[in-house]
Each structure stands twice: as C-alpha cells, then as structure tokens.
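The values are calculated or read from the model by the stated rules, or taken from the named source; none is laboratory data. Since the model is a prediction, treat every value here as computed from it, not as a measurement. Glycine gets a Cβ as well: all are built from the backbone with ideal geometry, and neighbour counts include every protein chain shown. When the accessible area is computed, the model is the full protein with side chains, heavy atoms only, and any ligands, DNA or RNA have been set aside. Shrake-Rupley method; radii C 1.70, N 1.55, O 1.52, S 1.80 Å.
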Amino acid sequence: MPERLPMLYVFDLDGVIYRMDEPVPGAVEAVRRLKARGDSIYYLTNNSSRTRDDYARKLAAMGIEASREEVMTSAFALGQWFRARDAAGTGAFVIGESGLREEVTSAGLRIRDSAAEGKIDYAVVGWDRAVTYAKLAEAHRAVVEGGAQFIATNRDATYPDAGGRTLPGSGALVAALATCTGVEPVVIGKPEPFTLQLILERSGRTPGECIVVGDRLDTDILIGNRLGARTTLVLTGVHSESDVDCAPEEWRPSDIIPTLRELP
Ligand SMILES: [Mg+2]
C-alpha cells in the first residue's frame, strides 16, 4: 500500500478550534492527532486585532502547541504585503487595534494620526472597537484629498460575540469608508487569495497538498476553492449543511464534517 503523504492543514480559528475563549469539543485532540502523524498545521484568521504571538499563546492555553510561524493573520499578511512593496518609510493612517498597528509599524511604516504629522500613503482599516467619526473622517480625507491607497484587512460583516450573538465586524467599518470615498479597497484577508498564498509559499506546499478547514463558506471555503485546495466545512461554527445547499458553486466544500473528530 502506498504510504500516505503528509498534508498541510489550514485551520480557521473561531468556530473551528475555539468559540470565543472556549475550545470546541474534540478540536484539541484532532489537531494533536494530525501533528503526531506528521501533517503540517497552519492557523489562518481574518482577525487583525491581535498578533501572531497572542494567538500562539491563546492556543497553548488550550493545550495546542503552536509557534508564531504557524499562525497567519490578516494583519501579519498586510505587513508582508507592505514589505513586498518596499513601503518602509511611508506613512499610514490606521483604523485598527494593537495587533494591526504593530504589524504596520514592524513593516517599517510610520503611523500618522493625522495629515498634520506627514504624508499619509495608506489608509488601513481593520477591526477597531474604538473607532470614532473623527477617525473615519481622517481616513476619508487621506483617501479623497491626500490620494492615500485604501487597504482593508478583511470584509467580515460581523464578529462573533458570546452566546451566539454578533458584533459589527471590520467589514462594517470598511463599508463606511468605501461608501464615503467611493473607493473600493485592496483586501488582504480571506476570501482574497493573498493569505493562503503566503502560507503555501512559506510551507513550500502545493494547493494539492493543502486542506482548508473552516466554518464559513464565504471566506474559509471560498479561499481554498479559489486556490485549488481541498476544502472541509466543519459544522461547529457559523454555517450549516442547509447553507451549503443554497450556496453558489464556488462556496461549496469538498467535504462536510460535524466536528473535527471526523477529520479523516
Ligand atoms: Mg470562523
């Protein structure tokens, strides 16, 4: 019998590995089992509010050993996007939390809180629980008057809150700036291909060796399908089997499993 080739598993986090701060039952054991048999694991999240180290620590607290290299966030990917463009030394206005601001700074950009501090080349929008009208107005001015390029970490409409409730996601803030400026942003996170392309590059794997596991059809499954990876919908988060029935072709997963325990 031919030996099974080690695969690259790319897991979404919220709704797949944990819900808020609680591990999803069976998830920790499933990840450990894949690691023990030699598969590679990456974690891919659109959440831009925390750093890769924050996520590695959160996973460790749940009993999953993960290095920062195994975590891909839309904020880290944005930093790589800036590096690929030699954007060090340019100015950015940021609507976003500490994880995003850290990544922008570590890519060498100067964060400017207003045009009075210097030229703003990029208006960056991510999830920001302290967003204000004044911040939106500054970003609006930077794009409309200053010619700044509008970059969004992701367009998730909502963010999961406790008890199955939701909060406005960064997509809501992105929509506000897109509406007032009339400009559509460059989007870094899922379902745009960039974050998964980075994972494939960094891991040296091909899409044929990659399985994307997520709870959302319009982000997790779509990004995997777009790049030609195998896709698995796990029913512990946002979307259900009946959502698959009425989803467009591009959103349909290769496999559907009730929990990560059923991962082959
Ligand atoms: Mg999710």
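How about segment 126-145: which of its residues are surrounded by 14 or more Cβ atoms within 10 Å (Cβ to Cβ), among the small types (Gly, Ala, Ser) and not in a loop (DSSP other than H, G, I, E, B)?
Once the filter is applied, which keeps residues that are surrounded by 14 or more Cβ atoms within 10 Å (Cβ to Cβ), among the small types (Gly, Ala, Ser) and not in a loop (DSSP other than H, G, I, E, B), segment 126-145 yields 139, 142.
Determine the pairs where a residue that is without any contact (Cβ under 8 Å) to a residue 24 or more places away in the chain, located within segment 6-17, has a partner that is within 12 Å of the ligand (Cβ to nearest atom) and open to solvent by 20 Å² or more (accessible area, probe 1.4 Å) with Cβ atoms under 7 Å apart, the partner being 6 or more residues away or on another chain.
Pairs that qualify, where the first residue is without any contact (Cβ under 8 Å) to a residue 24 or more places away in the chain and the partner is within 12 Å of the ligand (Cβ to nearest atom) and open to solvent by 20 Å² or more (accessible area, probe 1.4 Å): there are none.
Identify all residues within segment 44-78 that are crowded, with 24+ Cβ neighbours inside 10 Å and aromatic (Phe, Trp, Tyr); write none if there are none.
Result: 76, single match.
Counting only residues that are open to solvent by 20 Å² or more (accessible area, probe 1.4 Å) and not in a loop (DSSP other than H, G, I, E, B), which one in segment 1-21 is farthest from the ligand (Cβ to nearest atom)?
19
Which residues, counting only those in segment 205-224, are within 12 Å of the ligand (Cβ to nearest atom) and among the polar types (S, T, N, Q)?
If the condition is that a residue be within 12 Å of the ligand (Cβ to nearest atom) and among the polar types (S, T, N, Q), then 219 is the only one that fits.
For segment 196-206, indicate whether the set of residues that are among the hydrophobic types (A, V, I, L, M, F, W, C), more than 21 Å from residue 84 (Cα to Cα) and touching a helix residue (DSSP H, G or I) at 6+ places or on another chain (Cβ under 9 Å) is non-empty.
Just the residues of segment 196-206 that are among the hydrophobic types (A, V, I, L, M, F, W, C), to begin with: 196, 198-200.
Right, trim to more than 21 Å from residue 84 (Cα to Cα) and you get none.
Within segment 196-206 (the criterion being among the hydrophobic types (A, V, I, L, M, F, W, C), more than 21 Å from residue 84 (Cα to Cα) and touching a helix residue (DSSP H, G or I) at 6+ places or on another chain (Cβ under 9 Å)), the answer is no, since none of the residues qualifies.
Could you check segment 146-172 and list, in sequence order, the residues that are assigned to a helix (DSSP H, G or I), surrounded by fewer than 23 Cβ atoms within 10 Å (Cβ to Cβ) and within 17 Å of the chain's Cα centre (by Cα)?
Selection gives 171, 172.
What's the number of the only condition in (1) modelled with pLDDT under 95; (2) open to solvent by less than 70 Å² (accessible area, probe 1.4 Å) that residue 238 fails to meet?
Failed condition: (2).
Can residue 245 be described as among the acidic types (Asp, Glu) and closer than 21 Å to residue 45 by Cβ? Outline the logic, then answer.
Numbers: among the acidic types (Asp, Glu): yes; closer than 21 Å to residue 45 by Cβ: no.
So residue 245 does not fit the description; no.
Return the pair list, or none, for Cβ contacts closer than 7 Å from residues in segment 178-190 that are closer than 22 Å to residue 216 by Cα and open to solvent by less than 60 Å² (accessible area, probe 1.4 Å) to residues that are assigned to a loop (DSSP other than H, G, I, E, B) and among the β-branched types (Val, Ile, Thr), at least 6 apart or on different chains.
188/153; 189/153
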